[in-house]
Amino acid sequence: MSRRILHIDMDAFFASVEQVRNPELQGKPLIIGGDKTDVRGVVSTASYEARAYGIHSAMPLAEAKRRCPHGIFMRGNFALYQQASEKVHAVLDTVSPLVEMASIDEAYVDITGSQRLFGGDDAIAAYIRRRVREETMLPCTVSIASNKLVAKVATDEAKPDGYLRIAEGDEAAFFHPLPLKKLPGVGPRTRETLETLGVFTIGTLAVLPLPILLNAFGTGGYGLQRAARGISVGAVEPTSRPKSISRETTFETDVFEWQRVLQVMTYLMERASYAMRTQDLETKCITLKVRYADFTTLTFAHTLPEPTNLDSEIHAVLEKLANKARTRRERVRLVGVSLGALSYNQHQLKLFGNAECEKWERVLERVDHVRDRYGFEMLRSARSMALGKHVSLATPSLSR
Amino acid sequence: MKISIPCQDLQDAVNKVKAVVSPKSSLPILSHILIETDDSAIRLSATDLKVSIECTVDCTVHEPGSMTASSQRLSSILGELPSGELTMTLGENNVITLECGRIQTRLYSQSPEEFPPMRKFDGVTPLRLEQAIVKRLFSKTSFAICTDQSRYNLTGLLFELKEGRLTVVATDGRRMSLAMETENIPEDAEVKVIIPGKMINEMERLLQDEGEVQVFIDESQAAFEFGRMRLSSALIEGTFPNYDMVIPKKHDKEAVLNTSEFTAAIRRTQTMTNEKFNSVRIGLSDNQVMLRVSTPEVGEYEEELGVEYAGSEMEIAFNPDFVGDILRRMDTDRTCLILKDGSSPGLIKPFGEDGPLDSYVNVVMPIRI
């Protein structure tokens, strides 16, 4: 028997959490991402009521306000969402040990081995939806299929507050009528190319002669067609680790004062590297992203000879990268820090100079311990303290 | 200047010296080879200002003098010429005429006066060593030389001669290799210098298994003369770490492995790692060693090997490249792994009839599990 994979996605997660917390918000267009006074930034989540106005995530806040002036705009409360997410995770853990949290509001569960215990797909789905509702009072959509890809697409179709089951063998039939944009991995560029080939639905892509695809996409064509046929082999990985960790923010107004750019950069770096250490990761590639007032976006990257998790080493690299970014005499709109090429269990010990590194590792371990208990803001390096005791960024990175 | 020389002889000589030429130098003359006549021979010299190579080759000198030629150009022309006698004549305006049978080529060149002067070692008494020994010691250690220029003092090989013992040591801060020889080493000389890695690499390539090498060393530079070659370079200033302190003395867990089996197994583990996840776990238990690699998105590898080991169970992880580099240069049938625990440096030595040998010592820092 093939695998049975369940995909669960919380409906308008951040907005729903707020609506549960404050019932007055129910039934109203609620937009999480920034409050009324915020002019920059983008929508993080819009409630279904707000979606009726054409508002969707990643839309600039200004645009959202134009479309829905009477909407309720909130900055959001990440800790609260994290709590709710953990409750959902706990429910999923009771169904199967193979739970992969794909993000804060969606997860994959391999329920192949839980079939007999619960009595089949439908029973498992009903159980999860009921338990999630009991624990969090939040709506969610669940779907079950033979692999992650089909399950994810099915969830999208069943939203909101729905359930969809794709039986084994029905994957291609289910995909057939759907438009291309529903297929994960097909972005605007791929779609454009496919449309010039006369392909507008997943069904057409599935039966397109392979040579045509190979000609247009190279070897990527194989994967594209397999996906269109609903074939995917990705396993549910309970301990999937991120490939990179990034933090970025848009300034309230474009900043010319370089000192402030550096302070915010340092602050973002500290947040990113704290997040990285809590997952026992180390970075080898450090990237600084700067968007200037004229919307030119440049990234500056540096690869270290050895991975590190020390703020001091990461900061030294960022300072060098920042000098390069500064050569463009233009006000800065956005600054971001990304820690990439993440690895774990790969810390190469050194013959000389270990003492200094280990000292800093011990210091950071204690610092992180305090942050775990009392919050990140409790301990920060002096470099970013000029930003004030509590940093409030114009666009709080909600998922961070 | 005018000379005649068999094509092949000149090509061999050019190939020996041209390795040091940096193709993208800011000084155009450094892409050239200097050719000077010397009785019935010519001397070819090339340099990147740090390392210089000179090579002498017999020829017929019709007219003494000197000239330069682009190393790239000269070597590609020579590679395409039919075998036979080549005549090189320097004409007006540094134009070199190459004649070989019915082929006539003119090569524009630069004035030999522009070529930087070669290093001089007047009044330095050379040390005399066997080429085979120097070659062996270099090849056993050079792979560990640091390539990160920000750690300048580690970018060379420590060359130490003391009390009739020649010791060479290289380290990149994560592993250290030391090779030593006591036989046929001058008793009275005492030297301790750091020779740049580039020079060592060239020496490894050019040294032969027979004959003698004369080593000239003064305060700031060193030269090795052997056969009809001379390599010279500035020394690396700075202090080399105290290598003796790095070698663990109190490790008590000793595992003896078959070198060729272990080498083959490590090579197999290397096929399963990637740039980000480059470690092999070595688990030791009673007369058994387990090699384990687990690389996300790539796969897993496990192999069990026989081992002479009586210590308590333990596990340690290493970069397999570091271990492989050493094993490839091991010339005993058995290799000894001396450990303490998973976070202390590992010691890899050859294992002879009476136990571990101190003539080749490798310290490898583990990867924290």
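The values are calculated or read from the model by the stated rules, or taken from the named source; none is laboratory data. In this text the structure is predicted, and so the values were computed from the model without any measurement. Positions of Cβ are backbone-derived with ideal geometry, glycine not excepted, and every protein chain shown enters the neighbour counts. All accessible areas refer to the heavy atoms of the entire protein, side chains included, with ligands and DNA or RNA removed. Shrake-Rupley method; radii C 1.70, N 1.55, O 1.52, S 1.80 Å.
Miscellaneous remarks
- If the condition is being under 23 Å from residue B:311 (Cβ atoms) and within 10 Å of chain A (Cβ to nearest Cβ), then the range B:268-296 contributes B:279, B:281.
- Whichever residue in the range B:256-271 is open to solvent by 40 Å² or more (accessible area, probe 1.4 Å) and hydroxyl-bearing (Ser, Thr, Tyr) and, among such residues, is nearest to residue B:158 (Cα to Cα): B:260
- Qualifying residue in the range A:375-386 (condition: touching an Asp or Glu at 6+ places or on another chain (Cβ under 9 Å), among the aliphatic types (A, V, I, L, M), in the same structural domain as residue A:300 (by TED's automatic domain parsing) and surrounded by fewer than 17 Cβ atoms within 10 Å (Cβ to Cβ)): yes
- Single condition residue B:265 does not satisfy, out of (1) within 13 Å of another protein chain (Cβ to nearest Cβ); (2) in contact (Cβ under 8 Å) with a residue 24 or more places away in the chain: (1)
- Set B:141, B:147: member being open to solvent by 80 Å² or more (accessible area, probe 1.4 Å) and of a type in the set (Val, Ile, Thr): B:147
- Hey, residue B:294 more than 32 Å from the chain's Cα centre (by Cα) and either of a type in the set (Lys, Arg) or modelled with pLDDT under 95 (or both) or not: yes
- Of all residues in the range B:328-369 being more than 24 Å from the chain's Cα centre (by Cα) and of a type in the set (Lys, Arg), the one that is nearest to the other protein chains (Cβ to nearest Cβ): B:368
- Consider the range A:354-379 and keep the residues that are farther than 23 Å from residue B:276 by Cα, modelled with pLDDT under 90 and within 14 Å of chain B (Cβ to nearest Cβ). The one that is farthest from the chain's Cα centre (by Cα) is A:355.
- Against the test of being touching a residue at least 24 places away in the same chain (Cβ under 8 Å), more than 14 Å from every other protein chain (Cβ to nearest Cβ) and over 17 Å from residue A:243 (Cβ atoms), the options A:329, A:271 yield a single qualifying residue, A:271.
- Selection within the range A:255-291 - charged (D, E, K, R) and at pLDDT below 90: A:280
- Checked against (1) under 30 Å from the mean Cα position of the chain (by Cα); (2) more than 14 Å from chain A (Cβ to nearest Cβ); (3) within 30 Å of residue A:285 (Cα to Cα), residue B:301 meets all criteria but (1).
- Of the helices (runs of 4 or more DSSP H) contained entirely in the range A:144-260, those carrying at least 1 residues that are within 30 Å of residue A:98 (Cβ to Cβ), free of Cβ contacts under 8 Å to residues at least 40 places away in the same chain and among the polar types (S, T, N, Q) fall at A:220-228.
- In the set (1) more than 30 Å from residue B:299 (Cβ to Cβ); (2) part of a strand (DSSP E or B), the condition left unmet by residue A:117 is number (2).
- Residues of the range A:295-309 include at least one that is more than 14 Å from chain B (Cβ to nearest Cβ), at positive phi and open to solvent by 30 Å² or more (accessible area, probe 1.4 Å).
- Any chance residue B:153 is within 14 Å of chain A (Cβ to nearest Cβ), more than 20 Å from residue B:53 (Cβ to Cβ), open to solvent by 30 Å² or more (accessible area, probe 1.4 Å) and in contact (Cβ under 8 Å) with a residue 40 or more places away in the chain: yes
- Failed criterion for residue B:253 (all others in (1) surrounded by 16 or more Cβ atoms within 10 Å (Cβ to Cβ); (2) over 17 Å from the mean Cα position of the chain (by Cα); (3) in the same structural domain as residue B:136 (by TED's automatic domain parsing); (4) not aromatic (Phe, Trp, Tyr) hold): (3)
- Look at (1) assigned by TED's automatic domain parsing to the domain that holds residue B:6; (2) open to solvent by less than 50 Å² (accessible area, probe 1.4 Å) and you find that residue B:101 fails only one, number (2).
- Matching residues, the range A:22-53, being under 17 Å from residue A:80 (Cα atoms) and more than 23 Å from the chain's Cα centre (by Cα): A:22, A:23, A:25
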